[in-house]
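Asks: One structure, pasted below without further comment.
The values are calculated or read from the model by the stated rules, or taken from the named source; none is laboratory data. As the structure is a computational prediction, the values presented were derived from the model and not from experiment. Neighbour counts run over all protein chains shown; Cβ positions are idealised from the backbone, glycine included.
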Amino acid sequence: MDFIDRMNDQWRRVRPDLDPAPLEVVGRVLILAQQLERSVNEALAAHGLTLGQFDILATLRRHPAGRLTPTQLMRSVALSSGGMTNRLDRLEERGVIRREADPDDRRGVVVELTPKGRQLIDVATSTRFAEAKRSMPPLARGEMRQLARLLRTWIEALRAPADAW
């Protein structure tokens, strides 16, 4: 028995009118998310990055043009405009991104990786992928594909129409 089992047993005793069964999955996913986030942040700390900063740099690295507006970045990493500005300021101070005037919109800016930023994200991405591999459960390949499908279905069921995941 783990923490979730013990918690659900307690709920069954004190509130037999409630069914705690959904917490067997939801509770474990929440605990797993916390543990995975901690593991990712520990791995990325070696590069002086947080997961949020990594996401911005990785999004720029994956984009074919290599440049995005802050609004496009905000949609891809699900941040508020204030949170995005703060992260972009920090990354620009480190010299890993630069903001320039948007040639298509005189009022806007575009964000792009600097050569230093491209080098950093390439190294950090290798670290991130290795950390993800270490974090995987001991499941067979078919079980992993099934788990990925089930999680995708769950995410899609919860996704709001405007979400850009």
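Asks: Any idea how many residues of segment 3-25 are charged (D, E, K, R) and more than 25 Å from ILE155 (Cα to Cα)?
Replies: The number of residues fulfilling the criteria is 6.
Asks: Any idea which of LEU51, LEU88, LEU60 is within 21 Å of VAL123 (Cβ to Cβ) and in contact with a helix residue (DSSP H, G or I) (Cβ under 6 Å, 6 or more places away or on another chain)?
Replies: One residue alone meets the criteria, LEU51.
Asks: Next question, about the same structure. Which residues, taken from segment 9-52, are among the acidic types (Asp, Glu) and either in the same structural domain as THR85 (by TED's automatic domain parsing) or surrounded by fewer than 11 Cβ atoms within 10 Å (Cβ to Cβ) (or both)?
Replies: ASP17, GLU42
Asks: With more than 17 Å from LEU68 (Cβ to Cβ) and of a type in the set (Lys, Arg) as the only criterion, which of ARG87, ARG98, ARG128, ARG118 stands out?
Replies: On inspection, the qualifying residue turns out to be ARG128.
Asks: Any idea how many residues of segment 43-56 are in a helix (DSSP H, G or I) and free of Cβ contacts under 8 Å to residues at least 60 places away in the same chain?
Replies: Of the residues in segment 43-56, 6 are in a helix (DSSP H, G or I) and free of Cβ contacts under 8 Å to residues at least 60 places away in the same chain.
Asks: Considering (1) among the β-branched types (Val, Ile, Thr); (2) closer than 24 Å to ARG28 by Cβ; (3) in contact with a Gly (Cβ under 7 Å, 6 or more places away or on another chain), say which one THR153 fails and leave the rest.
Replies: For THR153, the exception is condition (3).
Asks: Moving to a separate point now. Output the residues belonging to segment 57-72 that are outside any helix (DSSP H, G or I) and small (Gly, Ala, Ser).
Replies: Correct list: ALA65, GLY66.
Every residue, every condition in (1) part of a strand (DSSP E or B); (2) buried (at least 16 other Cβ atoms within 10 Å of the Cβ); (3) of a type outside the set (A, V, I, L, M, F, W, C), yes or no:
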site	(1), (2), (3)
MET74	no, yes, no
GLY82	no, no, yes
GLY108	yes, no, yes
GLU112	yes, yes, yes
LEU120	no, yes, no
ARG128	no, yes, yes
ALA132	no, no, no
PRO137	no, no, yes
GLU143	no, no, yes
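Asks: Test ARG6 against the stated conditions and say whether it is out of contact with any Ser or Thr (no Cβ under 7 Å at 6 or more places or on another chain), in the same structural domain as VAL111 (by TED's automatic domain parsing) and farther than 17 Å from VAL109 by Cα.
Replies: In short, no.
Asks: Taking the conditions exactly as written (surrounded by 12 or more Cβ atoms within 10 Å (Cβ to Cβ), without any contact (Cβ under 8 Å) to a residue 12 or more places away in the chain and of a type in the set (A, V, I, L, M)), does LEU147 satisfy them or not?
Replies: yes
Asks: Looking at segment 75-98, is at least one residue modelled with pLDDT of 95 or more, in contact with an Asp or Glu (Cβ under 8 Å, 6 or more places away or on another chain) and farther than 26 Å from LEU30 by Cα?
Replies: yes
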